Amino acid sequence: MSLFYGEDKTIMDLLKEKKNFILIGEAGSGKSEITLNLAVKLAEMTGKTVDLFDLDQTKPLFRSRDMKDAFADKGVDIYYQDQFLDAPSQVGGVIPSLLSDNYTLLDIGGGHQAAKYAGAYNHILRNEDSVAIYVINPYRPWTKSAEAIDGTMSHILKSVRLNQIYVLGNPNLGYATNVDEFMDGLDRLDELMGEFTTVTSACVRADLYEEAQEETDKYLLPIELYLTYSWVD
């Protein structure tokens with residue numbers, strides 16, 4: 001069995017075929033932003049309840065839980081557990097949601113330490129109705145080489161105890177990204193991952209979507225920047 005799932009599928013194919021989604025990857029790859037966008041897309045496509053579990057234990061900013069109130073009107077229920085200082089805490093209700101008819105998304109914190117918290121659900125996430133989405137942002141410091149990606153990926157997969165992933169590209173730098181930088185990022189993804197798998201899909205900022213899609217055969221998923229504050233750039 002290949003490590004890389006659905007090499008001939010787009011991210012939209014997965015949204016139509018699967019029910020449970022776990023977003024993993026290195027810190028700062030854009031997992032939380034993408035998780036929010038996938039949740040909204042699923043709610044719009046299906047009209048069904050979407051449960052989003054924020055399992056991020058690693059940082060105080062850019063967390064999907066920050067959008068809990070705003071997303072209630074979008075058909076997305078966001079669940080999280082309050083933390084006291086740096087004490088880790090588990091979120092209740094994950095397993096019932098994974099086993100229910102609801103769509104379920106798990107937003108995991110960056111790195112292998114954070115991924116350990118999702119390992120408790122791996123017996124469900126290995127089922128046919130579930131998929132692990134590994135987000136790669138070629139502009140992050142831990143994606144300078146294929147060896148660096150392989151090292152980080154191996155640690156994360158070992159921690160979460162999964163044996164298959166779907167790779168989703170995210171060559172974005174926030175509000176400052178332009179189309180040329182995005183396209184360069186796609187080229188970097190192909191150079192980094194070409195010997196291992198084909199990256200068929202990538203996320204692009206919504207206002208760049210039309211121009212960028214004209215320049216690539218990859219499936220592009222337009223996303224809104226719910227968590228990327230303009231003052232960061």
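A short reminder: the numbers here are calculations on the coordinates, not readings from a lab. Since the model is a prediction, treat every value here as computed from it, not as a measurement. Because the Cβ atoms are built from the backbone with ideal geometry, glycine has one as well, and the counts that use them run over all protein chains shown.
Candidates L173, T216, G47 compared by Cα position along the dipole of the stretch 11-232: farthest toward the positive end lies G47, with charges placed on Cβ. Size descriptors for the stretch 129-220, from the alpha-carbon set: Rg then Dmax equal 13.5, 39 Å. Listed values for the stretch 64-77 are Karplus-derived 3J(HN,Hα) couplings in whole Hz (6.51 cos²θ - 1.76 cosθ + 1.60, θ = phi - 60°), namely 4, 4, 5, 9, 3, 5, 5, 8, 4, 7, 9, x, 10, 9, and x replaces Gly and Pro. Applied to the stretch 119-131, the Karplus parametrisation 6.51 cos²θ - 1.76 cosθ + 1.60 on θ = phi - 60° returns per-residue 3J(HN,Hα) values of x, 5, 10, 5, 5, 8, 6, 8, 6, 5, 8, 10, 8 Hz, with x for Gly and Pro. Under 5 Å from the amide H of E26 lie the amide H atoms of G111, each residue being 5 or more positions distant or on a separate chain, with H modelled from the backbone and absent for Pro and chain starts.
The distance linking the stretch 127-195 with the stretch 11-51 is 16 Å (Cα centroid to Cα centroid, whole angstrom). Its alpha carbons give the stretch 171-233 an Rg and a Dmax of 12.0, 38 Å. Think of each Lys and Arg Cβ as +1 and each Asp and Glu Cβ as -1; about the Cα centre, that makes the dipole of the chain roughly 1020 debye.
Could you give the C-alpha radius of gyration of the stretch 11-232 expressed as a fraction of 2.2 N^0.38 Å, taking N as the number of residues it contains?
Working: Rg = 16.3 Å, N = 222, 2.2 N^0.38 = 17.1 Å.
Compactness ratio reported: 0.95.
Amide H contacts for C203 (H built 1.01 Å from N in the peptide plane; partners 5 or more residues away or on another chain; cut-off under 5 Å): G169, N170, L221.
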